[in-house]
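Since the structure comes first, as structure tokens, the remarks are kept for the end.
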Amino acid sequence: MKATEILMEEHRIIERVLNALDRATHRLSRGEEVYLRFFSGTTVFIKNFTDECHHKKEEKVLFPALLENGLSKDSGPVAVMLAEHEEGRRLAQGIRQATERFQAGDVRMREALIQNSKAYIKLLHQHILKEDKVLFPMADKVIPTEQHEKIALAFEQYDKDAMGEEMHPKYFGLAERLENECLR
């Protein structure tokens, strides 16, 4: 399996959580009660799977391979993706902080939670589309086949070293739980 295919599979899991977050955010914006632990679980997924697993593999393994094969870090697709990763981290922190304060009883944080969630959802959907339709096809063209195999092995090693053996089943299960919890 190509490295880009691995990342696209992870995108599908991330999209499931984004869709659940979107449903919960819409309910919250309509004034409906939402199971607030859903938002806590979502921030755990975003931090540990989306950022620490998925984005870090791109930043530590795929992007360096792209740079090695002629792309620039200062302009073009890699620069855009890195900037969007940082913006995603900022918005995720906003979701996390608003969730904590809202759960602690600060009802004024409802709007901050809604706005950060909406912005994060929009950013990540656009980001995933750019990677799937532009960056990954470009990577498939510029990175030699044998290097793709090394990248895929490096992804596997990163998952084991940084995230643990059970990382994928754990976060795939969390994604499923979040899909169910967003409706509570």
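The values are calculated or read from the model by the stated rules, or taken from the named source; none is laboratory data. Just so we're clear, the structure is a prediction, and the values are computed from it rather than from any experiment. When we count neighbours, we look across all protein chains shown, and the Cβ atoms used for this are built from the backbone with ideal geometry, even at glycine.
Tell me yes or no: at least one residue of the stretch 119-131 is within 23 Å of PRO77 (Cα to Cα) and either of a type in the set (Asp, Glu) or modelled with pLDDT under 95 (or both).
Within the stretch 119-131, one or more residues are within 23 Å of PRO77 (Cα to Cα) and either of a type in the set (Asp, Glu) or modelled with pLDDT under 95 (or both).
Being in contact with a His (Cβ under 6 Å, 6 or more places away or on another chain) and either closer than 22 Å to PRO64 by Cα or in a helix (DSSP H, G or I) (or both) is true for just one of ILE114, ILE151, ILE128. Which residue is that? Give the derivation first.
Values: ILE114 fails: in contact with a His (Cβ under 6 Å, 6 or more places away or on another chain); ILE151 fails: in contact with a His (Cβ under 6 Å, 6 or more places away or on another chain).
Only one candidate passes the filter, namely ILE128.
For the stretch 57-103, name all the residues that are among the polar types (S, T, N, Q) and outside any helix (DSSP H, G or I).
ASN69, SER72, SER75
So, GLU87, is that one more than 12 Å from the chain's Cα centre (by Cα), more than 22 Å from TYR171 (Cα to Cα) and of a type in the set (Asp, Glu) or not?
So GLU87 does not fit the description; no.
Of all residues in the stretch 101-120, which are touching a residue at least 40 places away in the same chain (Cβ under 8 Å) and among the charged types (D, E, K, R)?
Selection gives ARG110, LYS118.
Find all pairs meeting these conditions: Cβ atoms under 8 angstrom apart; at least six residues apart or on different chains; first residue within the stretch 149-160 and farther than 15 Å from PHE49 by Cβ; second residue outside any helix (DSSP H, G or I) and of a type in the set (D, E, K, R).
From the stretch 149-160, the pairs are ALA152/LYS2.
Residue by residue, here is whether (1) surrounded by fewer than 22 Cβ atoms within 10 Å (Cβ to Cβ); (2) assigned to a helix (DSSP H, G or I); (3) of a type in the set (Val, Ile, Thr) holds:
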| residue | (1), (2), (3) |
| --- | --- |
| GLU5 | yes, yes, no |
| LEU28 | yes, yes, no |
| GLU33 | yes, no, no |
| PHE49 | no, yes, no |
